[in-house]
């Protein structure tokens, strides 16, 4: 694999920003194990992210007296900011109120650090393709554009505000029976099939990107590393303006072997099918098929490509039969053996 070192460092930073502040120092040590240049680059990028300076990475990566980032804007275009919902490597999501029509929305803003043309293209690309999706299992996009703020010109898109819990939180709180879990997975697969039929691969499917409403409807979020495909689901006629060959995109735990290898030419709808298989294994079996969270990136990639997880029926006897077969086929190492 020929990795782009800057892209790999950004991937690591994106993962770190999703962790509680006091867990980041330990995690960066694991992710950058035996790779001092990567570690140095990650620390450098973290220092540039002055908007997270208050929380720091366990206090290790920011020096006292460092300038604070510009405050979050109070308005963006016709949207009034209410509160921060969450933040990731590429941007922040706020709850906001739109004036006309009056409604609450989720407003995503691109981070103003290292504001390059490729980042702008990535944001515009995400918004353009998300607008094509119309499914009850996918958050709807209302508007996309750029707006002048105290941080400068910031790209944004406004989307449906989902009232719900992250998938793992919903499972822990509701403790749904097997029938309810299977029903949720069917609805989730239907939503992803809709995206595939519209020519879009998600490429970062994971429980953190799935909200579940009070009615049990899953809602897929964050197509931020999505890729366009040809009508038959192959990548040949598609484009991905924000990734380059050899760059790892997505979240390691849920990556297909070809995705972990950074082989963009091999990514198609079957990469999402693999991620759905990992999610299904976790939803049904109560644990991930293999845990790469404590491994360095090279060791995690090796595990994804070479390790065979325990069969689902060995985790829970009631999962033997069709469910075990379906999930196992979705998680085949060879993409040609997965569902297309």
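Computed from the coordinates by the stated procedures, all read-outs in this text should not be read as laboratory data. Since the structure is predicted, the reported quantities are computational estimates derived from the model, not experimental observations. Positions of Cβ are generated from backbone atoms using ideal geometry, with glycine treated the same way; all protein chains shown enter the neighbour counts.
The table below gives the values:
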{"item": "Label-to-label distance, nm, for residues given as residue 34 and residue 329 (7 Å Cα→Cβ offset)", "result": "3.8 nm"}
{"item": "Footprinting exposure proxy for 254, 339 (fewest neighbouring C-beta atoms within 10 Å first)", "result": "339, 254"}
{"item": "Where Rh is the Kirkwood radius over Cα pairs, Rg/Rh for segment 140-186", "result": "1.28"}
